[in-house]
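Asker: Dropping the structure in here first, questions after.
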Protein chains: 2
Amino acid sequence: MTTRGIVTLRGESELVRRAGALLDGARREFLCAAGGPETWSAAVRNIRRRPVPGLSVRKLYGPGVFDEAGGPELLARLAEADVEIRISPAPPAHEAIVVDRRFAVLAAPRSAAGEPRTYSIVQQPDVVAGVRALFETVWETATDLATYCRAPFPHLDEAERAVLRSLAAGHTDETASRLLGVSLRTYRRRVAALMTALGARSRFQAGLRAREILGRHPDA
Amino acid sequence: MTTRGIVTLRGESELVRRAGALLDGARREFLCAAGGPETWSAAVRNIRRRPVPGLSVRKLYGPGVFDEAGGPELLARLAEADVEIRISPAPPAHEAIVVDRRFAVLAAPRSAAGEPRTYSIVQQPDVVAGVRALFETVWETATDLATYCRAPFPHLDEAERAVLRSLAAGHTDETASRLLGVSLRTYRRRVAALMTALGARSRFQAGLRAREILGRHPDA
DNA sequence: GTCGTCATGGCACCAAGCTGCCATCCGTTG
DNA sequence: CAACGGATGGCAGCTTGGTGCCATGACGAC
């Protein structure tokens, strides 16, 4: 049995001061998961500005990035800088960074007002590998930014979700409309509206997009 | 800045001996991510046998569980024991356990023959929360076992994936068949076969299922 | 060679889905 | 009250999808 340490830093300023060089030293891989653009303040975001040849940078966001101030701008800048970006319907609640499979930075939840947020840096190989593996798994099921931009996750109201559930259940329009207690015509109108909202040209595409939006549990 | 430790154990026997009681002490939540059933040997799996009232147990596997020996049996046993199970198309490459939001166990990759595998136990709150958040994100996009059992991810050959891509692209059957260089009749036949393989009753359902199987990148 | 099997493609027909048009029934506004 | 916008439902007609039937051609087994 061996023991190795975790370094916990208090506040972003300390993070930048003490880990900035570390983050900036990424050579092969830089993975970052966050809910929105505000996650790492400008100070943190500004480290790692210079492009590094051979460095693969991947950022994972929630659908909220676009809603927050500065989100679209940030994404545009990142996309230009050869950063791979994907959107996950369920954003990670805590931010995480993994660099070169060597270390991981994990952010604590936003703390009470005034209290500085803490950031923990791990170097232990099993832990870094474990965090990285989870990141990869989420990455695999997330949507590429370009795809997302073509048709961002729309906000669906309850009626629209009901239609979606009917479709997911595999009913014909006939039975689905009866189950929902509306006419066939209305049901079809709603399906059409839904497909427009999803930016889908076929019901198959609508199915694809629906799964992205709802996660895998449209019946929930 | 503070430092807190990680405990690394060598081999499952040491894990069971030293962390068995810890794992067994789960009171509220027990999360486990693994590629297949062989992940934790019988010794590890046997701890935590007694049902604990109020304890929520969630297990996340890859599609490989069913292929490995003992997989279906294990799942059947777990399902009976009120364990929530979901299947992710991209299984986590490293196993992870999070207990009561208090600590996480992360397994190293399978080591060379003879070498005991190592397991690292973390208690630092930020790290545990970070690992847990990533688990949750994967969980959200994974498929419930019951759903999966109704139609497990089939193995698709290249022709079938080509059809799938066409559908995902939103082409009509007419254009899709031309693009694939086959007749309309043949294309439709293939779509029908695909839907059967996917266990889908409508193209919408096929879309849902397709996304589950391919992750979110059918075009790749 | 002759089978049998299998994937293909053409044809036809039916079922399902899509949508334009119009009438109706709200609830709101003036 | 009338006027309006918005959601609804019925109808009709067109497009798309789904499938049974049969003919053809490729391939391997016999």
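The values are calculated or read from the model by the stated rules, or taken from the named source; none is laboratory data. Owing to the predicted nature of the structure, the values given are computational and were not obtained by experimental measurement. Note: ideal-geometry Cβ built from the backbone for every residue, glycine included; neighbour counts use all protein chains shown. Surface areas here come from the heavy atoms of the whole protein model, side chains and all, with no ligands, DNA or RNA. Shrake-Rupley method; radii C 1.70, N 1.55, O 1.52, S 1.80 Å.
Asker: Counting only residues that are closer than 21 Å to B:Ala206 by Cβ and part of a loop (DSSP other than H, G, I, E, B), which one in segment A:157-172 is nearest to the other protein chains (Cβ to nearest Cβ)?
Answerer: Going through the qualifying residues, I end up with A:Gly170.
Asker: Now for a different question. Read through the list (1) assigned to a helix (DSSP H, G or I); (2) crowded, with 16+ Cβ neighbours inside 10 Å; (3) within 16 Å of DNA strand D (Cβ to nearest atom), then give the number of the only condition that B:Leu134 fails.
Answerer: Going through (1) assigned to a helix (DSSP H, G or I); (2) crowded, with 16+ Cβ neighbours inside 10 Å; (3) within 16 Å of DNA strand D (Cβ to nearest atom) one by one, B:Leu134 breaks only (3).
Asker: Right, something else. Take the residues of segment B:117-131 that are small (Gly, Ala, Ser) and more than 22 Å from B:Arg18 (Cα to Cα): which is surrounded by the most Cβ atoms within 10 Å (Cβ to Cβ)?
Answerer: Going through the qualifying residues, I end up with B:Gly130.
Asker: Which residues, counting only those in segment A:183-220, are β-branched (Val, Ile, Thr), over 18 Å from B:Arg201 (Cα atoms) and at pLDDT 90 or above?
Answerer: Here is the first cut: in segment A:183-220, the ones β-branched (Val, Ile, Thr) are A:186, A:191, A:196, A:213.
With over 18 Å from B:Arg201 (Cα atoms) added as a condition, the list becomes A:186, A:196, A:213.
Once the filter is applied, which keeps residues that are β-branched (Val, Ile, Thr), over 18 Å from B:Arg201 (Cα atoms) and at pLDDT 90 or above, segment A:183-220 yields only A:Thr186.
Asker: Filter segment B:144-156 down to the residues that are part of a helix (DSSP H, G or I) and at pLDDT 75 or above and list them by number. First the steps, then the outcome.
Answerer: Here is the first cut: in segment B:144-156, the ones part of a helix (DSSP H, G or I) are B:145-150.
If the condition is that a residue be part of a helix (DSSP H, G or I) and at pLDDT 75 or above, then B:Leu145, B:Ala146, B:Thr147, B:Tyr148, B:Cys149 are the ones that fit.
Asker: Quick test of your reading of the structure: A:Leu179 fulfils all but one of (1) within 13 Å of DNA strand D (Cβ to nearest atom); (2) open to solvent by less than 60 Å² (accessible area, probe 1.4 Å); (3) modelled with pLDDT of 85 or more; (4) in a helix (DSSP H, G or I). Name the failing condition by number.
Answerer: (2)
Asker: Which residues, counting only those in segment A:182-200, are outside any helix (DSSP H, G or I), away from DNA strand D (no atom under 11 Å from the Cβ) and more than 27 Å from B:Arg150 (Cα to Cα)? First the steps, then the outcome.
Answerer: Looking only at segment A:182-200, we keep the residues that are outside any helix (DSSP H, G or I), and these are A:182-183, A:199-200.
Going one step further and asking which of them are away from DNA strand D (no atom under 11 Å from the Cβ), we end up with A:199-200.
A:Gly199 - this is the single residue of segment A:182-200 that is outside any helix (DSSP H, G or I), away from DNA strand D (no atom under 11 Å from the Cβ) and more than 27 Å from B:Arg150 (Cα to Cα).
Asker: Being open to solvent by 30 Å² or more (accessible area, probe 1.4 Å) and either of a type in the set (S, T, N, Q) or outside the structural domain of B:Ala79 (by TED's automatic domain parsing) (or both) is the filter here; which residues of segment B:137-148 pass it?
Answerer: From segment B:137-148, those open to solvent by 30 Å² or more (accessible area, probe 1.4 Å) are B:140, B:144, B:146-147; that's our starting set.
The answer is B:Thr147, and nothing else.
Asker: If you don't mind, another one. If you scan segment B:182-211, which residues turn out to be within 12 Å of DNA strand C (Cβ to nearest atom) and either among the acidic types (Asp, Glu) or surrounded by fewer than 17 Cβ atoms within 10 Å (Cβ to Cβ) (or both)?
Answerer: B:Ser183, B:Leu184, B:Arg185, B:Thr186, B:Arg188, B:Arg189, B:Ala192, B:Ala193, B:Arg201 - these are the residues of segment B:182-211 that are within 12 Å of DNA strand C (Cβ to nearest atom) and either among the acidic types (Asp, Glu) or surrounded by fewer than 17 Cβ atoms within 10 Å (Cβ to Cβ) (or both).
Asker: Can you tell me how many residues within segment B:154-176 are more than 9 Å from DNA strand D (Cβ to nearest atom) and open to solvent by 60 Å² or more (accessible area, probe 1.4 Å)?
Answerer: Qualifying residue count for the region: 5.
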